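What follows is a single structure, written as structure tokens, with notes after it.
The values are calculated or read from the model by the stated rules, or taken from the named source; none is laboratory data. A quick note: this is a predicted structure, and the numbers were derived from the prediction, not measured. Positions of Cβ are backbone-derived with ideal geometry, glycine not excepted, and every protein chain shown enters the neighbour counts. Keep in mind that these areas ignore ligands, DNA and RNA; they rest on the heavy atoms of the full protein, side chains included. Shrake-Rupley method; radii C 1.70, N 1.55, O 1.52, S 1.80 Å.
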Amino acid sequence: MNVDSILGALREAFPAVTLEFQPGLLDETFVVLSADCVHPAVRLLIERFDIRHLSTITGQDRGSEIELLYHFWDGRGLTLRTSLAREDSHIATVVDLIPGAAFYEREVSEMLGVTFDGHPDPRRLLLPEDWSGEPPLRQGDSAQFAEQDVPSPSIGTAIADSGHVVWAKDTGRMIIPIGPQHPLLKEPLSYLLTVEGELVTDESLRIGYVHRGIERLCQQRSYVQNIYLLERVCGICSHIHTTTYCQGVEALLGLEVPQRALHLRTLLCELERIHSHLLWLGVFSENIGFTTIFMYAWRDREITLDIMEELSGGRVSHAANVIGGVRTDVDKEQGHSILGRLEDLERQIETFRDVIRHERSFQMRTRELGHLSFEQVRSHCVVGPMARASGVDVDLRRDAPYAAYDGLDLRVVTAGGGDVWTRTQMRVQEIFESLHLCRQVLKELPGGPLTVRAPRRVPAGEVVSRAEAPRGELIYYIRSDGSERPARVKVRTPTMTALITLSEQLRGINIADVPAVIGGTDLCIACVDR
Amino acid sequence: MPDWLIALFHLLVFPGFGFLFLCALAFQWIDRRVAARLQGRVGPPWFQPLADLIKLLAKEDILPVGADELACAVLPMVSLAAVLTAGLLIPVSGWKPNSFEGDLVVVLFLLSIPMLAYFLAGWLSISVYSVVGGNRSLLQYFAYEVPFLMALGGTAIVNGSWSIASIAARQSQTVWTMLMQPVGFLVAMIGLIGKLKRAPFDIPKAKSEISAGPLTEFSGRKLALWYLSRDMQTVVGVFLLVNLFLGGSGAMLLPALSFVAKALLLLLMLSVASVLYARLRIDQLVDVGWKVLAPLALLQLLVTVWMGVG
Amino acid sequence: MWESVVRWARRKSPWVLHFNTGGCNGCDIEILDLLTPRYDVERLGILKEASPRHADILLCTGPVTRQSRDRLRRIYEQMPAPKWVMAIGSCGCSGGVFHGGYNVLGGIDQVLPVDIYVPGCPCRPEAIIAGIAQLLDMVE
């Protein structure tokens, strides 16, 4: 991405408007423009520069006005910044240009009370449908939320809850609820599938069952407390959340984190990726009725959990990161023993690879299912393994190296199939790459201190921090107003993007394939709902 | 001893309810244990099936509003009764019960009643998962039943009798039907997996898709009866195949021992099959049933008839 | 006599149902972990059931969010008696780290009568097994 030429083009396109250009931390560029310029500017970015990946839209209450930030990514970060009036705030939707923005806009809309003109589906996303209070992220007294009555369930949830046969009017179609409690789902989300015979003809998604309001809670806690809160956004990829957050805050503080700490972070990130992918392989296999793979995948996952517990003291949540470094260390002997166990793990995973590649019943249940084309992935801003399985070569570990990835030999796995089978094969292949990275880190672990001292107060400023979570690009926006607490922490997790594509994947498939397709996208609802 | 007492003994103790009940518990335990060992686990202790059953019997029995209460109460009993009756007609370890020419047909008929009851239970207990599961069980019935019947019919033809006891007895003079009709045996085993709704053909009760299928809304006593009927079906099915394909108890010195060994062998095959594969989709099963199993069974039948004529 | 047999059976055959009311996945994967070779709770007779109608113990994880509250209550009502509720993890016990969030109502005991609390964030699989064992001792 050539920032100068983009800026030039924007100036040319909007001669009457003053554009402000602000270089930011972590190689991010901010461009300030007025609200009515956003839609044409996005069109220009797409048509002239082929920048299609909208990472997320951050909204924040700046007191006198509501500010929106459109975070784009194309090898470098580019953020369009615009402000809206506090009362009756509205802006043109960009969903017509970027279909993947649909969920981002719905979230901003309910959290800050912004109307997106022309949005095709302006329902609530995370809040209960009959939430009647103030939009939760507008500044104000938090007590007003507590006073609100607990809402009665809305009609949509009532249908899903009753579990009885609901026939759609005179068409002979049946509505089958999947969730919120369903053996397929380890976390609650609710799908209402309209079914004709065994074919899914329509679907309606409802999330928000695990919406805990973490972004709001972040504003009420100190920077250090937030590490432990954000670790609990998700129990599967807890470490990458704290890593992304800490590296953002460290950038705001201007800290130089010791190399040893960066390497240990990387080690935990990769161990977590292995654990996450094995967990996924197990859950996915159980979804398609292959319990044996589930058992073996989870048995071998224990190896990584043991290593992580040894390093940090926690199997699932590690609390390994602190601002300015890590609080866990590896000595030589330990490193040696870990290397040995990784060897064992690699042998086991080779067995899995062979089984899922050659087992015929496995292929019958996964091939040519949930297909996503290269174009679909690009237009829906899909990230991570889902994108790579459709041939989009993107991996932030290589494209924007953070932690210690810069000095490591990393091979990005991509594949062209775009169906569930390809995703399965690719994720297993990624485990081998992660093992390769772990070994490199352990062998080349530099000496030196584990932390640098971090001041408690963070100077005013803002930062966009990105990292490659097991499920793809994770992005944090952190703004400090110079106090002990962040003024805004925005989290966009990779599953959000996968969830948008799920409705297209589900239509027209057999109901027996629903678990395979939902499983194949590797959802993490706790991440989406926050 | 008066005749009626002997009849009652046969009905309630051996080879009737008591014996089948114990076999059902034992088979369930062995099956779970073997599957667990193959998956790297330990598995349940020996009394587990009994504890599960007693616990379910003592639990509250609820049905959703709108379900057909009478039908839901009767159906598990119908299913159980059909299986028990079938069990009475099958020779066990050399003991030949009420054997008559054509009892094979009666047994096959009785064994298809549970599937029908299962389907109706799904349809009448009004949960969406039950309805989908019920529909699937009916589709599955059409997929496996024809090849299954053809494979079993082949044994009758080759052994020249439609009585299970005579088929078993004949084999001790010649060879096991399994050796003469390996393809038929394979089809019958696969058909049995379909009949018992075991993995990988547990499509009507696929947990991750439709919760517990037709049994989703059943609880307490009724659920216990369903589970018991399922386990007894396994026993009766395995005993039937032992008689038809493995020569029953044979003419050896210890008929009981050889019968048990053969039954366990078949059970082991079922358990291993259940951990080795992913669950198929219902349309894939129908494809397999009609495009692979049925032609194979038919071929086996034709070869048998042709050889018989020659 | 029958009474004591039933009590024995209940202790030996606790079937569980898992429902996440707003947790972060940490405890949920530890519950799932119970089924796998290292912990293998089937040897204790514990099965994870799919339908609330088949279950004896409801394992709840996470703080109760506004949207999941009614669903939680409904699942509890669908379970046949005798039934027990376990709050798994610190969030399930008290709301934990999410206490004070605008969409969080607090621990499971805000909605259902909880029999056993298993704290920990996330709690270890061993702790969950110990919790179930304690619950079964109470059944006695």
### Task
Answer yes or no as to whether B:MET178 is open to solvent by less than 40 Å² (accessible area, probe 1.4 Å), in contact with a Phe, Trp or Tyr (Cβ under 8 Å, 6 or more places away or on another chain) and aliphatic (A, V, I, L, M).
no
Just one listed residue, out of B:VAL74, B:VAL106, is part of a helix (DSSP H, G or I), without any contact (Cβ under 8 Å) to a residue 24 or more places away in the chain and open to solvent by 60 Å² or more (accessible area, probe 1.4 Å), and it is B:VAL74
Review point. Does A:ARG427 satisfy being crowded, with 23+ Cβ neighbours inside 10 Å, part of a helix (DSSP H, G or I) and in the same structural domain as A:ARG347 (by TED's automatic domain parsing)?
Key: yes
Among residues of region A:297-327 being surrounded by fewer than 22 Cβ atoms within 10 Å (Cβ to Cβ) and more than 25 Å from the chain's Cα centre (by Cα), the residue nearest to the other protein chains (Cβ to nearest Cβ) is A:ARG299
Here the qualifying pairs (Cβ atoms under 7 Å; residues six or more apart or on different chains; first in region A:2-22 and among the β-branched types (Val, Ile, Thr); second at pLDDT 75 or above and part of a helix (DSSP H, G or I)) come out as A:ILE6/A:PHE49; A:VAL17/A:CYS37
(1) closer than 25 Å to A:SER190 by Cα; (2) under 13 Å from the mean Cα position of the chain (by Cα) all hold for C:ALA133 apart from (1)
Of the conditions (1) within 13 Å of chain C (Cβ to nearest Cβ); (2) in contact with a helix residue (DSSP H, G or I) (Cβ under 7 Å, 6 or more places away or on another chain); (3) open to solvent by 20 Å² or more (accessible area, probe 1.4 Å), the single one that B:ARG37 does not satisfy is (2)
Reported set for region B:40-57 where residues are buried (at least 18 other Cβ atoms within 10 Å of the Cβ) and at the interface with another protein chain (Cβ under 7 Å from one of its Cβ atoms) is B:ARG41, B:GLY43, B:PRO44, B:GLN48, B:ALA51, B:ASP52, B:ILE54, B:LYS55
Region C:29-140: strands (runs of 3 or more DSSP E) wholly inside it with 2 or more residues that are open to solvent by 10 Å² or more (accessible area, probe 1.4 Å) and over 26 Å from C:ARG10 (Cβ atoms) are C:104-106
Of the candidates B:VAL292, B:VAL286, the one satisfying the condition of being assigned to a helix (DSSP H, G or I), open to solvent by 50 Å² or more (accessible area, probe 1.4 Å), out of contact with any His (no Cβ under 8 Å at 6 or more places or on another chain) and within 14 Å of chain A (Cβ to nearest Cβ) is B:VAL292
Considering only region A:432-450, I want to know if a residue exists there that is in a strand (DSSP E or B) and either touching a His at 6+ places or on another chain (Cβ under 7 Å) or within 14 Å of another protein chain (Cβ to nearest Cβ) (or both). no
Out of (1) in contact with a Gly (Cβ under 9 Å, 6 or more places away or on another chain); (2) over 30 Å from A:VAL195 (Cβ atoms); (3) open to solvent by 20 Å² or more (accessible area, probe 1.4 Å), the one B:LEU152 does not meet is (3)
Note: among B:LEU215, B:LEU268, B:LEU228, B:LEU240, just one is within 14 Å of chain A (Cβ to nearest Cβ) and either touching a residue at least 60 places away in the same chain (Cβ under 8 Å) or open to solvent by 20 Å² or more (accessible area, probe 1.4 Å) (or both), namely B:LEU215
task = May I ask you to verify whether A:LEU54 is open to solvent by less than 20 Å² (accessible area, probe 1.4 Å) and either at pLDDT 85 or above or assigned by TED's automatic domain parsing to the domain that holds A:ASP399 (or both)?
result = yes
- Would you say A:ALA460 is among the hydrophobic types (A, V, I, L, M, F, W, C) and open to solvent by 10 Å² or more (accessible area, probe 1.4 Å)? yes
When A:LYS186 is run through (1) at pLDDT below 85; (2) open to solvent by 10 Å² or more (accessible area, probe 1.4 Å); (3) more than 20 Å from the chain's Cα centre (by Cα), the failure sits at (3)
The condition of being in contact with a Gly (Cβ under 9 Å, 6 or more places away or on another chain) and either modelled with pLDDT under 85 or over 19 Å from A:ILE274 (Cβ atoms) (or both) holds, among A:ALA400, A:ALA389, only for A:ALA400
Practice task
Assess whether C:ARG124 counts as being within 17 Å of A:GLN181 (Cα to Cα) and among the basic types (Lys, Arg).
Solution key: no
If you go through B:SER112, B:SER99, B:SER79, the only one that is polar (S, T, N, Q) and buried (at least 20 other Cβ atoms within 10 Å of the Cβ) is B:SER79
Residue hits (region B:199-209; within 8 Å of chain A (Cβ to nearest Cβ) and either part of a loop (DSSP other than H, G, I, E, B) or not acidic (Asp, Glu) (or both)) are B:ALA199, B:PRO200, B:ASP202, B:ILE203, B:ALA206, B:LYS207, B:SER208
Going through (1) without any contact (Cβ under 8 Å) to a residue 40 or more places away in the chain; (2) of a type outside the set (Lys, Arg); (3) surrounded by fewer than 14 Cβ atoms within 10 Å (Cβ to Cβ) one by one, A:ASP36 fails only at (1)
Scanning region B:9-34 for residues that are of a type outside the set (A, V, I, L, M, F, W, C) and away from chain C (no Cβ under 14 Å), the one nearest to B:GLY220 (Cα to Cα) turns out to be B:GLY18
Taking region A:209-245 and the residues there that are hydroxyl-bearing (Ser, Thr, Tyr) and outside any helix (DSSP H, G or I), the one that is farthest from the chain's Cα centre (by Cα) would be A:SER222
Going through region A:283-315 in order, the residues found to be closer than 30 Å to B:ALA206 by Cα and either in a loop (DSSP other than H, G, I, E, B) or basic (Lys, Arg) (or both) are A:ILE288, A:GLY289, A:PHE290, A:ARG299, A:ARG301
Within region A:341-380, residues assigned to a helix (DSSP H, G or I), over 26 Å from the mean Cα position of the chain (by Cα) and under 21 Å from B:SER208 (Cα atoms) come out as A:ILE356, A:ARG360, A:SER361, A:PHE362, A:GLN363, A:MET364, A:ARG365
Of the residues in region A:215-265 that are of a type in the set (A, V, I, L, M) and touching a His at 6+ places or on another chain (Cβ under 7 Å), the one that is farthest from the other protein chains (Cβ to nearest Cβ) is A:LEU230
Do we have any residue at all in region C:8-15 that's buried (at least 24 other Cβ atoms within 10 Å of the Cβ), assigned to a strand (DSSP E or B) and more than 10 Å from chain A (Cβ to nearest Cβ)? no
